[in-house]
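**Q** Have a look at this one before I ask anything.
The values are calculated or read from the model by the stated rules, or taken from the named source; none is laboratory data. Since this is a predicted model, take the numbers as computed values, not measurements. Please note: Cβ atoms are built from the backbone with ideal geometry, for glycine as well, and neighbour counts cover all protein chains shown.
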Protein chains: 2
Amino acid sequence: MDSIFSDRIADVPRSFIREILKVSLDPTIISFAGGLPNREFFPVAELKTATAKVFDTMGRDVLQYSMSEGFTGLREMIARRYHDRQNLDIPVENILITNGSQQGLDLMGKTFINEGDDIVIEEPAYLGAIQAFSLFKPRFNPVKLTEEGLDIRQFKSVMSARKPKLIYSVPNFQNPSGISFSERTRREMAGIIEGTSTLLIEDDPYGDLRYSGTDKPSFMAILPKNTILFGSFSKTISPGLRIGWIVAPHDIMEKLIVAKQAADLHTTHFTQCILWQYMRDNDIDAHIRKIKECYGRQMQAMLNSIEKYFPQGVSHTTPEGGMFLWVTLPEGTSSRDLLDRALKDKVIFVPGDPFYVNRQNTNTLRLNFSCTDEPTIDTGIRNLGKAMKQLLKK
Amino acid sequence: MDSIFSDRIADVPRSFIREILKVSLDPTIISFAGGLPNREFFPVAELKTATAKVFDTMGRDVLQYSMSEGFTGLREMIARRYHDRQNLDIPVENILITNGSQQGLDLMGKTFINEGDDIVIEEPAYLGAIQAFSLFKPRFNPVKLTEEGLDIRQFKSVMSARKPKLIYSVPNFQNPSGISFSERTRREMAGIIEGTSTLLIEDDPYGDLRYSGTDKPSFMAILPKNTILFGSFSKTISPGLRIGWIVAPHDIMEKLIVAKQAADLHTTHFTQCILWQYMRDNDIDAHIRKIKECYGRQMQAMLNSIEKYFPQGVSHTTPEGGMFLWVTLPEGTSSRDLLDRALKDKVIFVPGDPFYVNRQNTNTLRLNFSCTDEPTIDTGIRNLGKAMKQLLKK
């Protein structure tokens, strides 16, 4: 039967997470499934004040069509933050504002991927990246994540066998695994990539959310010629404003702007100006410290409860930041079966499957700790541990 | 030389208009080049009030991640307007909110176009559609516009020879030509399309802006099975908020939502709620009447000045609405040459070239009348007439 649809749309995995999130609307269910920042930290009053100011000072401008590159004031602020926090000198012209990082993935796919092109992703990988890239029909080369980052031996062999066009990586507090790349892994990867024409997309939405350990150098610092850096305000200020950005060199930026124009002309000028005004009038670092203090506590609570309640043979990552940790059940166990059981005990999570390309009934799962308070975390993890024990007994 | 970029990005025409708009920043230049709505009509105070209410009543919700389909309240309002104004019954589930209509084009390209697929566009066509579709490497089949709409004979022959997957059309006050399709052309087209698997994208950003004549039935009314309808608030309330929508049947909507998720997860919930609140608290039809009264007057002023100043042999369309009219110079004359001359007389417009696929040095040009007051229109058209006379004398 001939389909009226394009071949590419058939290749995009359905969002399994969407389905799970529907279940999580039931208020009696404890959800570790979401990927949402905690809404208690949205600076509603401050954004309201900033918005009123924007209307008063730039009313007509922010309601008109605007530049595809994004609002210069906001791009200058982003550049300044890179300078102040990471000692990175990024020209404003090298920053393109996007509708969250998700759009950055789409623009990169459009600009670089021909059908069948090799790209490297992490295993497990951020689901939204698999979805976005799938539309351009690349050949995915998943490289295993260890607690130190990409498995260097496997990475080296894929690089030499495939000469991939793109590598997609979330080196800080990765979604879904919570893993951060060690400095050694970063430098080894940089050494392997340097001098090739492979581009590395360094997606860094969680970089600001570190609860322990020390910052590692970004790929933009140690491998500037091959790195395209993504950032976002979604995890620190508000995801609903849909503001992220891409840092790329001039020749690539030119093409990305063409792709951005074709995609939606430009990101809402209005919301960019609100963020800019908010950051002018408020101490965003003080705001981020509050978030970190809370998420860090909740992560620790989850780790403590896991130690108490999870059975032998179940392992997990120990993140230094971000919003997630990653659990591995004994070989041969399916986390989907666990979900069926856990649902009866009113606790849910995201099974590992959607974070892999073409793998099913995996024995892994993602737990989110940003949206649940400590007593609820303890109850939820206890119930999940109970479900695990039942599953493993069988 | 091997390019690191995808093949598709090389096929996207650069936006010539962007370049011209840079010139138009010079305040001594009279610009008929823009495609912008008149900023004087942005309801700044009302939107400010609506926004404050949104913060007070839905603050945390609008700042969180949200549904890919868009805000239900706004979609209900759009459905109600179709019912009230056009007697169209559109289920809310068949409406997807996009970042302006431009994103609708991108999602349609993603969802339907395989490389080499035949698509029909108008000649001249909306530049943004050529850009958006180009990324998916279709074969464009331009069909000439007459004052009645698509040239039916040519359309019929393309339909039977190519069996195109998509037709892209702006039947009301088209950009760039200002032409509206007669009811007869619409019904003839519907008769030719009906029973085929060809889909017609009915893009209707200007439909509300009629200054004379009577509304014609939409394709959604006379060809519902084959029509996908686009709408937008950009020309009536504010383009900067970047809110448009797609109306499509259930099976297509499912795929479009997957494409929307991959593109940017969802359109800003915040701006959708602002529009919803604004439309609840204000009479949008009274607002649109004010815009129509002004644009209609300015269009008439432009037509009057054209009669006075343009030389023999130069023809033009006589729109019944929208923001543009279309001028044709004598055969063998280039509107780019005219632009060089007109720049010296401090008046600019968009030459026809970018509105065609693969045609250069065309003898056509687009004039915008929404952003210039009547005395300035008279001065600008007088200077443009002078430049035409010099060009034709040569």
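**Q** Based on what the data block shows, is B:Thr227 among the polar types (S, T, N, Q) and under 23 Å from A:Ile274 (Cα atoms)?
**A** no
**Q** Out of the residues in region A:235-245 that are modelled with pLDDT of 95 or more and small (Gly, Ala, Ser), which is surrounded by the most Cβ atoms within 10 Å (Cβ to Cβ)?
**A** This residue is A:Ser238.
**Q** I would also like to ask the following. Among (1) touching a helix residue (DSSP H, G or I) at 6+ places or on another chain (Cβ under 9 Å); (2) within 26 Å of B:Tyr206 (Cα to Cα), there is one condition B:Lys137 misses while meeting the rest; what is its number?
**A** That leaves (2) as the condition not met.
**Q** Looking only at region A:37-96, filter to residues that are within 30 Å of B:Ile20 (Cβ to Cβ), touching a Cys at 6+ places or on another chain (Cβ under 9 Å) and at pLDDT below 95; which one of those is farthest from the other protein chains (Cβ to nearest Cβ)?
**A** A:Met58
**Q** Could you check A:Ser197 against (1) in contact with a helix residue (DSSP H, G or I) (Cβ under 7 Å, 6 or more places away or on another chain); (2) of a type in the set (Gly, Ala, Ser); (3) more than 26 Å from A:Ala52 (Cα to Cα); (4) within 11 Å of another protein chain (Cβ to nearest Cβ) and say which number it fails?
**A** Result: A:Ser197 passes all but (1).
**Q** Those residues that are among the aromatic types (Phe, Trp, Tyr) and not in a helix (DSSP H, G or I), I need them from region A:352-362; list them, please.
**A** Across region A:352-362, the qualifying residue is only A:Tyr356.
**Q** Now for a separate question. With a cut-off of at least 1 residues that are hydrophobic (A, V, I, L, M, F, W, C) and within 17 Å of the chain's Cα centre (by Cα), name the helices (runs of 4 or more DSSP H) lying wholly within region B:193-297.
**A** B:219-222
**Q** Taking A:Ser218 as the residue in question, decide whether it is in contact with a helix residue (DSSP H, G or I) (Cβ under 8 Å, 6 or more places away or on another chain) and touching a residue at least 24 places away in the same chain (Cβ under 8 Å).
**A** Criteria met by A:Ser218.
**Q** Right, here's the next one. Being closer than 30 Å to B:Phe41 by Cα, surrounded by fewer than 24 Cβ atoms within 10 Å (Cβ to Cβ) and among the aliphatic types (A, V, I, L, M) narrows it down to one residue among B:Leu209, B:Leu223; which is it?
**A** Every option except B:Leu209 fails the conditions.
**Q** Something else about it: On the given criteria, is B:Ala50 crowded, with 18+ Cβ neighbours inside 10 Å, touching a strand residue (DSSP E or B) at 6+ places or on another chain (Cβ under 9 Å) and not assigned by TED's automatic domain parsing to the domain that holds B:Ala248?
**A** So B:Ala50 does not fit the description; no.
**Q** Take region A:263-295 and flag every residue that is surrounded by 21 or more Cβ atoms within 10 Å (Cβ to Cβ) and either without any contact (Cβ under 8 Å) to a residue 60 or more places away in the chain or polar (S, T, N, Q) (or both).
**A** If the condition is that a residue be surrounded by 21 or more Cβ atoms within 10 Å (Cβ to Cβ) and either without any contact (Cβ under 8 Å) to a residue 60 or more places away in the chain or polar (S, T, N, Q) (or both), then A:Thr267, A:Thr268, A:Thr271, A:Gln272, A:Gln277 are the ones that fit.
**Q** For A:Lys235, work out the one condition from (1) of a type in the set (Lys, Arg); (2) touching a helix residue (DSSP H, G or I) at 6+ places or on another chain (Cβ under 9 Å); (3) in the same structural domain as A:Asp373 (by TED's automatic domain parsing) it doesn't fulfil.
**A** (3) is the only condition that A:Lys235 fails.
**Q** While we're looking at this one, here's another question. Residue by residue through region A:246-255, note down the ones that are buried (at least 24 other Cβ atoms within 10 Å of the Cβ) and at the interface with another protein chain (Cβ under 9 Å from one of its Cβ atoms).
**A** Those that are buried (at least 24 other Cβ atoms within 10 Å of the Cβ) and at the interface with another protein chain (Cβ under 9 Å from one of its Cβ atoms): none in region A:246-255.
**Q** Quick test of your reading of the structure: A:Lys344 fulfils all but one of (1) surrounded by fewer than 22 Cβ atoms within 10 Å (Cβ to Cβ); (2) closer than 28 Å to A:Gln131 by Cβ; (3) in contact (Cβ under 8 Å) with a residue 12 or more places away in the chain. Name the failing condition by number.
**A** Unmet condition: (2).
**Q** Another question about this same structure. Consider B:Leu303 carefully, then state whether it is over 28 Å from B:Gly100 (Cβ atoms) and either out of contact with any Ser or Thr (no Cβ under 8 Å at 6 or more places or on another chain) or assigned to a helix (DSSP H, G or I) (or both).
**A** So B:Leu303 passes the test.
**Q** Just checking, how many residues over region A:363-394 are in a loop (DSSP other than H, G, I, E, B) and closer than 14 Å to A:Ile348 by Cα?
**A** Number satisfying all stated conditions: 3.
**Q** So B:Thr267 passes all but one of these: (1) closer than 15 Å to B:Thr236 by Cβ; (2) assigned by TED's automatic domain parsing to the domain that holds B:Lys235; (3) not small (Gly, Ala, Ser). Which condition number does it fail?
**A** So B:Thr267 meets the others, but not (1).
**Q** Here's another thing I want to ask about it. Looking at region A:117-129, can you tell me whether even one residue there is assigned to a strand (DSSP E or B) and among the aromatic types (Phe, Trp, Tyr)?
**A** Scanning region A:117-129 turns up no residue that is assigned to a strand (DSSP E or B) and among the aromatic types (Phe, Trp, Tyr).
Conditions (1) over 26 Å from B:Ala132 (Cα atoms); (2) basic (Lys, Arg), marked per residue:
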{"position": "B:Arg289", "(1), (2)": "yes, yes"}
{"position": "B:Met302", "(1), (2)": "yes, no"}
{"position": "B:Ser315", "(1), (2)": "yes, no"}
{"position": "B:Glu320", "(1), (2)": "yes, no"}
{"position": "B:Phe355", "(1), (2)": "no, no"}
{"position": "B:Thr364", "(1), (2)": "no, no"}
{"position": "B:Ile377", "(1), (2)": "yes, no"}
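**Q** In addition: Could you list all residues from region A:256-290 that are β-branched (Val, Ile, Thr) and within 12 Å of chain B (Cβ to nearest Cβ)?
**A** A:Ile257, A:Val258, A:Thr267, A:Thr268, A:Thr271, A:Ile274
**Q** Consider region A:97-116. How many of its residues are part of a strand (DSSP E or B) and more than 10 Å from chain B (Cβ to nearest Cβ)?
**A** 1
**Q** Residue check, B:Asn172 against (1) in contact with a Gly (Cβ under 9 Å, 6 or more places away or on another chain); (2) within 14 Å of chain A (Cβ to nearest Cβ); (3) among the polar types (S, T, N, Q), all met but one. Which one?
**A** If we test B:Asn172 against (1) in contact with a Gly (Cβ under 9 Å, 6 or more places away or on another chain); (2) within 14 Å of chain A (Cβ to nearest Cβ); (3) among the polar types (S, T, N, Q), just (2) comes out false.
**Q** Continuing with this model, one more query. Say we look at region A:36-88 and pick out the residues that are hydroxyl-bearing (Ser, Thr, Tyr) and assigned to a helix (DSSP H, G or I); which of these is farthest from A:Leu256 (Cα to Cα)?
**A** Per the criteria, the residue is A:Thr49.
**Q** Something else now. Taking the condition in contact with a His (Cβ under 8 Å, 6 or more places away or on another chain) and modelled with pLDDT of 95 or more, does A:Ile228 pass?
**A** Considered against the rule, which asks whether it is in contact with a His (Cβ under 8 Å, 6 or more places away or on another chain) and modelled with pLDDT of 95 or more, A:Ile228 comes out as no.
**Q** Something else now. Filter region A:121-167 down to the residues that are within 14 Å of another protein chain (Cβ to nearest Cβ) and in contact with a Gly (Cβ under 8 Å, 6 or more places away or on another chain) and list them by number.
**A** A:Ala132, A:Phe133, A:Leu135, A:Phe136, A:Lys137, A:Pro138
**Q** Out of region A:319-338, which residues are touching a residue at least 40 places away in the same chain (Cβ under 8 Å) and more than 30 Å from A:Phe233 (Cβ to Cβ)?
**A** Hits for region A:319-338 are A:Leu329, A:Pro330, A:Thr333, A:Asp337, A:Leu338.
**Q** Keeping to region A:365-379, report how many residues are surrounded by 19 or more Cβ atoms within 10 Å (Cβ to Cβ) and out of contact with any helix residue (DSSP H, G or I) (no Cβ under 6 Å at 6 or more places or on another chain).
**A** Looking only at that region, the number is 5.
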